[in-house]
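*Asks:* Sharing a structure below in structure tokens format, with a few things to ask.
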Amino acid sequence: MGQSHTHTHSLFSSHSHSHSHSAIGEDAAAAGGPAAVRVTLLGLAANVLMAASKFAAGTALHSQALLADALHSASDLIADAVTLLTIVTAGAVAADRFPFGAGKIEALGSAVLAVALLGAGLSIFRTSFTELTGVKLDMLTAVIGHGHSHSHSHSHSHSHGDHGHSETTDPRAVWIAAVSVAIKELLFRFTMRVAESTGSAVLVANAWHHRLDALASVVAVFAIGGGWLFGVAWLDSAAGLFVAALVLRAGWAAGRAAVLELVDSTAAVDPAAPVEAARALDATLVELSVSSRGRYTSDDFAVRRIELLKSGPGLVALVQLRVRSGAMSAAKAVAAAQYVETELPKTEPRLRRVVVSLVDKESPADKEKDKKQKHS
């Protein structure tokens with residue numbers, strides 16, 4: 001078990017005590033654990049197989065849509081590698097070097113994936129918009145680079161400005177794209193199921209990568225099928241703009257959430273969590289008075305402040321308790337703090353770490369609160 005204790009005794013005013021009730025293994029579980037590793041490896045293997053098969057089929061069947069989709073599947077290997085590295089690293093760091101856990105590593109991984117999503121979205125948008133309107137977005141090209149200017153949804157050759165094919169696309173290419181849709185949608189569902197059960201933000205981001213890949217392959221199906229059946233050359237580009245909007249929206253949401261967590265903003269915490277944590281803290285203090293058999297009473301402590309910070313799938317609680325009894329010894333107060341830090345996470349499982357500070361001075365807000373309680 002990993003524990004950390006800090007004591008500075010000027011009675012209670014500057015006393016701070018922290019207790020980590022979990023070992024490194026629990027951090028691994030918080031990062032997603034073996035289930036997260038398995039589903040990420042499954043996605044990695046699927047992307048390798050699909051990239052190879054799409055490239056081979058695209059070359060043999062003269063399908064630019066499949067060739068572009070193959071390049072995208074290959075680029076997604078980076079996202080899978082980042083996800084896997086994040087999960088493994090978050091579960092293997094030393095507890096003494098990361099007293100609040102390794103949840104921020106997961107947020108950092110989510111931020112990297114968000115940047116990848118935004119880059120892919122801008123690339124799709126630039127290519128689709130240019131091919132649909134003929135207007136070149138030179139500034140956007142400079143931002144994303146020429147090396148990432150392929151679209152997820154090409155059904156035409158990059159070297160032709162008239163949206164034509166150098167060779168006729170074999171309609172059998174539709175089946176390859178359709179199989180890709182089915183595989184990526186299944187990967188999305190499996191990954192999202194593990195992400196929801198573990199609360200892993202980086203798995204959520206990777207799951208949406210799979211869903212967006214499925215949508216990109218849907219576009220390829222329409223582009224190949226529509227182009228072959230109806231000769232609608234602009235369908236690919238119009239659908240590409242739609243996919244670009246979805247990719248950019250997902251990237252923005254994932255990036256915003258990751259940044260808010262990295263800077264310890266309370267906006268990253270579920271609005272209902274502070275209320276539930278305060279309720280759990282009150283219940284823990286009541287249980288303290290009951291289990292102590294009179295050593296403590298429900299009036300010995302007042303909750304002065306409780307703040308929650310998001311750290312990966314879990315939360316860190318910063319609790320400030322005011323000691324109402326001036327006659328209480330420091331040892332007795334510290335014992336109560338230890339009890340709260342140990343028992344509160346059992347009442348509210350999302351709390352991975354609890355830090356309790358003890359004070360013996362009333363603030364004006366405390367006095368007003370006590371006055372209202374006496375009159376009620």
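*Asks:* Kindly state, to the nearest 0.05, the FRET efficiency for LEU49 paired with ALA278, given R0 = 51 Å and r defined as their beta-carbon distance.
*Replies:* It comes out at approximately 0.55.
*Asks:* Just subtract the alpha-carbon distance of ALA238 and LEU41 from 0.36 nm times their residue separation and send over the number in nm, one decimal.
*Replies:* 67.6 nm
*Asks:* Points 7 angstrom from Cα along the Cβ direction at LEU85 and ARG97: gap in nanometres?
*Replies:* Once both label points are built, they end up 1.6 nm from each other.
*Asks:* Quick check on packing: order 305-315, 201-211 by the mean number of other C-beta atoms within 10 Å, highest mean leading.
*Replies:* Result, highest mean first: 201-211, 305-315.
*Asks:* How high is the relative contact order of the stretch 277-368, given as a whole-number percent (alpha carbon pairs under 8 Å, six or more residues apart)?
*Replies:* Taking the mean separation of contacting Cα pairs over the length of the stretch 277-368, I get 30 percent.
*Asks:* Fully extended, how many nm does the chain gain between ALA253 and ARG189 (0.36 nm per residue separation, minus their Cα-Cα distance)?
*Replies:* 21.1 nm
*Asks:* Once phi is turned into θ = phi - 60°, what whole-Hz ³J(HN,Hα) does the Karplus curve with 6.51, -1.76 and 1.60 give for every residue of the stretch 317-330, x standing for Gly and Pro?
*Replies:* With the stated coefficients, the stretch 317-330 comes to 9, 9, 10, 10, 10, 9, 7, 7, 8, x, 8, 5, 6, 4 Hz.
*Asks:* Residues with amide H under 5 Å of ARG324's amide H, sequence separation 5 or more or different chain, H placed in the peptide plane at 1.01 Å from N; which?
*Replies:* HN-HN under 5 Å from ARG324: PHE301, ALA302.
*Asks:* Could you work out the relative contact order of the stretch 208-335? I mean the mean sequence separation of Cα pairs under 8 Å and 6+ apart, divided by the number of residues, in percent.
*Replies:* 16 percent
*Asks:* Give LYS310/LYS332; LYS104/LYS346; LYS54/LYS184 a once-over and call out the pairs whose C-alpha atoms are over 24 Å from each other.
*Replies:* From LYS310/LYS332; LYS104/LYS346; LYS54/LYS184, over 24 Å: LYS310/LYS332.
*Asks:* Okay, moving on. Based on the inverse mean of 1/r over its pairs of different Cα atoms, what is the Kirkwood hydrodynamic radius of the stretch 277-317, in Å?
*Replies:* Kirkwood radius, the stretch 277-317: 11.6 Å.
*Asks:* Determine, for each peptide in 282-289, 267-274, 108-115, the mean count of other beta carbons within 10 angstrom over its residues, then list the peptides with the highest first.
*Replies:* 108-115, 282-289, 267-274
Values quoted throughout were computed directly from the atomic coordinates according to the rules given, and no laboratory measurement underlies them. As the structure is a computational prediction, the values presented were derived from the model and not from experiment. Please note: Cβ atoms are built from the backbone with ideal geometry, for glycine as well, and neighbour counts cover all protein chains shown.
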